[in-house]
Each structure stands twice: as structure tokens, then as C-alpha cells.
Amino acid sequence: MTSTAPALRVGTRGSALALTQTTTVADALRAASGRDVELVRVTTTGDRSTASLSTLGGTGAFAAALRQALLDGECDVAVHSLKDLPTAPSPGLSIAAVPPRADHRDALCAREGWTLDSLPRGARVGTGSPRRAAQLRLARPDLDVQDIRGNVGTRLARVAPGDLDAVVLARAGLERLDLLDPVTQTLAPEVMLPAPGQGALAVECRTADLDELGPVMAELEDVPTRWCVTAERAVLATLEAGCAAPVGTHARTVAVDGGVQVSLHAAVVEPSGARRMERQGAVVVPPSASPVDGARVTAELGARLAGELLADGAAALADLPATSA
């Protein structure tokens, strides 16, 4: 039975990918709450500008306007791609739910069915991500890596003779848009570590509304995903880096005797692709731990690995602002 409560207003960016992601969350919110759900489209700085992501302030280019709409009462909930969400807390707002994660990996979409290994020397490969660009140069120093912007469809359309030979995109976005046909290779984390939180969504609301919305958000929450992205984002936070930095991370969970093991791989890559500095580690979250306790333990893991990277000179390697853990 439909609730008599007001409709939940869900803020979203207006791109095809954002609308697809938000619609999935909206359907889950409708089912969990019994309330009607309305989408509120918000245009962000990142949507308006065609400048390179590294010149737009990184992650905040896509999140700030949505967060402001929440604080201004224009919507009740906002849906973000978690990799676009700054790691610093936003006063008055809380990440109320992290749904199950989609594929975390990056995907190569190339002409002629080429893979990363079979791309011709000097092939033109487009990406808007400094992280992807640095790892492409590390794997294939001979490639001509070009900075591009635009939505998924625009980027894919550039893979054509006389323009680009390939682009690299998040596989999760391609899958959500039913655009997997152009994928010629899914890149393993050993080749290209994904962005912290890649493939995951964040459902954010005003902290003051958690008492009301908390039970609904609990229906959307996936605890193992929360633990993994918490570890990954702790790396980014400790490095004081954003998506304009060549930082990759990936965490995964596996059941072990004594609880759940969370393993984390983190790397910082010199923008030129000349060097990659990496660390790996793991913690076991005991069965008695609450979801909050588990998140605290995994955050400590991410901060520890980032601290080790900083101690080894990662800040200078990738021109990060952080100088100490």
C-alpha cells in the first residue's frame, strides 16, 4: 500500500548514466518506504564545463551542487557515483546508504577489437582521468594518451578512424547503460587499479533526517560494499588527494575463520607513468563487530597503507599536497 507521506525527492545529475543509476535507487526507495518518489535534476559544475577534470577541482565538480540542493531543501536524498564524492565530511549531510557495488574495473573500448597489449604503437587513447592516463602510460609508454571530456556516448563516438583508437571507461557505467558491446578488454586491477569507490553509489541525505529515513536506507545498504569503499576512500583522504590525482585502490572481502577479511591494494602512479608505488594489506573484521565497527577497522587499514605510501615518498611522486600521514 502506498504511504500517505509526501513523495521523496531524489536529487540527481542529468546525464543518462546518472539518471539510470538514480532510477535504480529511486525504485529501491519506493519499494522500501512505500512512498512516491520524484527525481530532481541538478546541473553541476562538472556538467556545465568542458575543461579538463584536473582543472575543475576534481570530485567536487560533480558533487557540490547536489549537496547544496540537499542542504537547501530542494531534495530529500541525493545519489552520487561514490568515486565522484569528496572524502571530506560535508557538515549537515550523511552517506546514509551504500548499495551493492557493480563492477569495479575499467574497460578498454578500442577499434579493430584491440586490447591494451595489441594496440598499435602510438595509438591514440582517450580518457578524462589522470589516474587512468598515468596507468596507461605505465603499461604502454608508447601510447598517445589524450585528455577528453563528455558523457559516455560522446566518448564512445570518438573511437573512429582519424580520431581516437580507443577510450577507457568505467565498466559499471557501460553495463548500467547496456553499452558493453564496444568493450574489447576489461582491465584487471593488476593492470589498472580503479578509482576509490568505483562501481559503487552513495545515497546521501541530511543528517537531521536520519531518524526518519534511516530504516528505509538500511534496506539499501550493503555492509561489505561499505567496508570496502571505506578502506579505499581512507587511502584518498590520508593522501589528501581527489580524482585529479593518479591514485588507484581496490578492496575486496572474503569470509575466513574468525570473521570477514578485507584486503586492500593501493597505488600512486607518477603522472608520466614512469613509476608506480603500491602497498597491500588486510584486516579481519570479527563476527561480533557491528557494521560501524567494521567500517572503523577498514578505515584504519586504508589510512595505514596510505601512510606507508607517504613515508616512501608518494606525495612527491604524484605531486600530491599531503606531506605526512
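Looking only at segment 241-286, which residues are outside any strand (DSSP E or B) and within 18 Å of the chain's Cα centre (by Cα)?
At the first step, the residues of segment 241-286 found to be outside any strand (DSSP E or B) are 241-246, 257-258, 270-275, 286.
Ala241, Gly242, Cys243, Ala244, Ala245, Pro246 - these are the residues of segment 241-286 that are outside any strand (DSSP E or B) and within 18 Å of the chain's Cα centre (by Cα).
Can you name the condition, by its number, that Glu300 falls short on among (1) surrounded by fewer than 18 Cβ atoms within 10 Å (Cβ to Cβ); (2) free of Cβ contacts under 8 Å to residues at least 24 places away in the same chain; (3) out of contact with any Lys or Arg (no Cβ under 6 Å at 6 or more places or on another chain)?
(2)
Search segment 304-318 for residues that are within 10 Å of Val268 (Cα to Cα) and pair each with any residue that is assigned to a helix (DSSP H, G or I) when their beta-carbon atoms are under 6 Å apart and the residues are at least 6 apart or on different chains.
Short answer, once both residue conditions are applied: Ala306/Val235; Ala306/Thr238; Ala306/Leu239.
Let's see how each residue does on (1) buried (at least 17 other Cβ atoms within 10 Å of the Cβ); (2) modelled with pLDDT of 95 or more:
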{"site": "Val40", "(1), (2)": "yes, yes"}
{"site": "Leu71", "(1), (2)": "no, yes"}
{"site": "Pro86", "(1), (2)": "yes, no"}
{"site": "Arg105", "(1), (2)": "yes, yes"}
{"site": "Asp117", "(1), (2)": "no, yes"}
{"site": "Ala123", "(1), (2)": "yes, yes"}
{"site": "Gly126", "(1), (2)": "yes, yes"}
{"site": "Leu136", "(1), (2)": "yes, yes"}
{"site": "Pro141", "(1), (2)": "no, yes"}
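Sort out for me the strands (runs of 3 or more DSSP E) sitting completely within segment 84-133 that have 1 or more residues that are among the basic types (Lys, Arg), free of Cβ contacts under 8 Å to residues at least 60 places away in the same chain and outside the structural domain of Glu270 (by TED's automatic domain parsing).
124-127
Exactly one condition in (1) at pLDDT 75 or above; (2) touching a strand residue (DSSP E or B) at 6+ places or on another chain (Cβ under 7 Å); (3) surrounded by fewer than 21 Cβ atoms within 10 Å (Cβ to Cβ) is false for Ser52; which is it?
Tallying (1) at pLDDT 75 or above; (2) touching a strand residue (DSSP E or B) at 6+ places or on another chain (Cβ under 7 Å); (3) surrounded by fewer than 21 Cβ atoms within 10 Å (Cβ to Cβ), Ser52 fails exactly one: (1).
State which residue pairs qualify: first residue closer than 30 Å to Pro141 by Cα and modelled with pLDDT of 95 or more and inside segment 273-290, second residue buried (at least 17 other Cβ atoms within 10 Å of the Cβ) and among the polar types (S, T, N, Q) in any location, beta carbons under 7 Å apart, and separation of 6 or more residues or different chains.
none
Say we look at segment 246-263 and pick out the residues that are among the aliphatic types (A, V, I, L, M) and buried (at least 24 other Cβ atoms within 10 Å of the Cβ); which of these is nearest to Glu308 (Cα to Cα)? Even if it seems obvious, please write down each step before you answer.
Narrowing segment 246-263 to residues among the aliphatic types (A, V, I, L, M): 247, 251, 254-256, 260, 262.
Retained after the next criterion (residues that are buried (at least 24 other Cβ atoms within 10 Å of the Cβ)): 247, 251, 262.
Details: Val247: 14, Ala251: 17, Val262: 18 Å.
So, considering only residues that are among the aliphatic types (A, V, I, L, M) and buried (at least 24 other Cβ atoms within 10 Å of the Cβ), the one nearest to Glu308 (Cα to Cα) is Val247.
So, of the residues in segment 143-157 that are surrounded by fewer than 17 Cβ atoms within 10 Å (Cβ to Cβ) and of a type in the set (D, E, K, R), which turns out to be farthest from Pro189 (Cα to Cα)?
The extreme case among them is Arg149.
Can you tell me which residue is modelled with the lowest pLDDT among those in segment 218-244 that are surrounded by fewer than 24 Cβ atoms within 10 Å (Cβ to Cβ), among the hydrophobic types (A, V, I, L, M, F, W, C) and touching a Leu at 6+ places or on another chain (Cβ under 9 Å)?
The qualifying residue modelled with the lowest pLDDT is Ala244.
The values are calculated or read from the model by the stated rules, or taken from the named source; none is laboratory data. Please read these numbers as outputs of a predicted model, since none were measured by experiment. Here the Cβ is made from the backbone with ideal geometry for all residues, glycine too, and neighbour counts use every protein chain on show.
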